[in-house]
1. Consider region 275-333. How many of its residues are closer than 30 Å to Glu257 by Cα, polar (S, T, N, Q) and under 20 Å from the mean Cα position of the chain (by Cα)?
2. Give me the pairs, please: first residue somewhere in region 209-222 and among the aromatic types (Phe, Trp, Tyr), second residue anywhere and assigned to a strand (DSSP E or B) and at pLDDT 65 or above, beta-carbon distance under 9 Å, and either six or more positions apart or on two chains.
3. What do you reckon, is Ser304 farther than 19 Å from Gly159 by Cβ, touching a strand residue (DSSP E or B) at 6+ places or on another chain (Cβ under 7 Å) and either crowded, with 20+ Cβ neighbours inside 10 Å or among the hydroxyl-bearing types (Ser, Thr, Tyr) (or both)?
4. Any chance region 99-108 includes a residue that's surrounded by 14 or more Cβ atoms within 10 Å (Cβ to Cβ) and at pLDDT 95 or above?
5. In region 181-199, is there at least one residue being over 25 Å from Arg269 (Cβ atoms), modelled with pLDDT under 90 and either surrounded by 10 or more Cβ atoms within 10 Å (Cβ to Cβ) or among the small types (Gly, Ala, Ser) (or both)?
6. Give me the residue from region 148-164 that is farther than 27 Å from Asp175 by Cβ and of a type in the set (Val, Ile, Thr) and, out of that set, nearest to the chain's Cα centre (by Cα).
7. Taking the condition of being touching a helix residue (DSSP H, G or I) at 6+ places or on another chain (Cβ under 7 Å), of a type in the set (D, E, K, R) and assigned to a helix (DSSP H, G or I), how many residues in region 283-339 meet it?
Amino acid sequence: MTSASESGTRTKRSRWDVTSLMDGLHREFDALERFRAGVMQQRQAGFRALGIAGAICGGAGLLVMLVLAGGNGPAPLGLIAGVGAFGIAWIVIHNVYFGGRRSAYEGEFKQRVVRGMTRLLEPEMDYHPHEGLSLEWFRAADLYSGDIDRYACEDLFQGRIGKTDLIFSEVHAEDRRTRTDSKGRTQTYYVTIFRGLLVVADFHKHFRSEVVVLPDFAEKNFGWLGRKMQNLAGNVERMENPEFEEAFVVRAADAVEARYILTPDMQERMLDLRRRLGADVRFAFRDSRVYITIPNSADWFEPSLHVPARDVGQVRTLMGQMAAVFNIVEELNLNTRIWTKE
């Protein structure tokens with residue numbers, strides 16, 4: 001007889017099978033492939049139109065140059081006229097053949113396929129492509145310093161995995177700066193504070209104080225001097241796990257509660273997560289939640305117009321990106337409720 005846990009494991013495994021998933025969304029893939037084919041045909045027609053316009057404008061400009069040169073006129077005017085005419089043609093052709101079609105396809109793909117994948121893979125999760133975790137959520141994490149002057153977010157996933165509430169999205173926080181050159185001209189530019197995934201999950205224990213776990217770059221780069229510099233900043237807690245201590249610096253107002261949260265098992269799980277997600281992953285434990293930032297310079301959850309809608313490689317990539325975050329719940333053992341935490 002098959003146990004309930006074995007049956008549940010098998011069901012979850014089948015949900016994560018790419019063939020089963022694509023079969024479950026075959027209508028969406030078929031509709032999107034027709035959409036994509038139409039967009040690609042329009043783009044090809046647009047490129048042909050650009051080629052014809054370039055030939056006509058170039059020929060006309062050359063003819064004007066020859067006429068003006070024969071009459072002792074300013075021949076470069078022909079070149080200017082040809083370039084100007086092509087510029088106007090480019091604007092018209094772009095609006096007719098290209099304008100908004102790529103983003104329309106990407107939006108449809110996200111609404112129909114990525115959202116459908118989300119619900120098939122984790123039935124209690126939902127996906128909203130044009131929403132994201134607001135600036136207030138990023139500030140609540142308080143894992144990065146700097147003035148945030150420009151902030152963008154998208155690709156919001158929200159819901160529950162097992163007993164754990166989970167919400168995450170892509171975010172990009174930037175600081176506006178100015179510089180002045182030798183001639184006194186001022187230029188404004190933006191510096192990225194953080195770009196990647198902001199993940200917020202319900203923690204499986206109640207706690208009152210705050211614990212922040214950051215990459216230990218100071219001790220890694222400066223050794224004992226870096227360690228002394230950390231101590232000067234205050235509220236540094238030293239953990240018993242030497243590998244964890246080498247990888248992270250822990251700041252906490254309450255040493256007892258820091259160890260209540262960062263048990264030896266949790267430290268090992270966080271190290272495993274760091275190995276998988278990168279050395280700059282950061283954690284903040286506050287308000288009985290865990291905030292996690294995962295730096296990433298690439299856009300996740302984005303379909304490509306240049307491969308078929310049902311391309312298996314693209315679907316596997318999207319599944320892998322979702323799994324990278326969904327699996328955090330299991331990897332940190334967040335579904336194991338402690339005492340009265342439900």
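1. Going through region 275-333 one residue at a time, the tally reaches 2.
2. Close Cβ pairs (under 9 Å, with a partner that is assigned to a strand (DSSP E or B) and at pLDDT 65 or above) amount to Phe217/Val249.
3. Considered against the rule, which asks whether it is farther than 19 Å from Gly159 by Cβ, touching a strand residue (DSSP E or B) at 6+ places or on another chain (Cβ under 7 Å) and either crowded, with 20+ Cβ neighbours inside 10 Å or among the hydroxyl-bearing types (Ser, Thr, Tyr) (or both), Ser304 comes out as no.
4. no
5. Yes, region 181-199 contains at least one residue that is over 25 Å from Arg269 (Cβ atoms), modelled with pLDDT under 90 and either surrounded by 10 or more Cβ atoms within 10 Å (Cβ to Cβ) or among the small types (Gly, Ala, Ser) (or both).
6. Taking the candidates together, the pick is Ile161.
7. Number of matching residues: 2.
Table: residues versus (1) among the aromatic types (Phe, Trp, Tyr); (2) touching a residue at least 24 places away in the same chain (Cβ under 8 Å); (3) over 30 Å from Val113 (Cβ atoms); (4) in the same structural domain as Leu143 (by TED's automatic domain parsing).
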position	(1), (2), (3), (4)
Asp254	no, yes, yes, yes
Thr263	no, no, yes, yes
Arg269	no, yes, yes, yes
Leu273	no, yes, no, yes
Ser288	no, yes, yes, yes
Ile292	no, yes, no, yes
Ser297	no, yes, no, yes
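The values are calculated or read from the model by the stated rules, or taken from the named source; none is laboratory data. All of these numbers come straight from a predicted model, not from anything done at the bench. All Cβ positions, glycine included, derive from the backbone under ideal geometry; neighbour counts span all protein chains shown.
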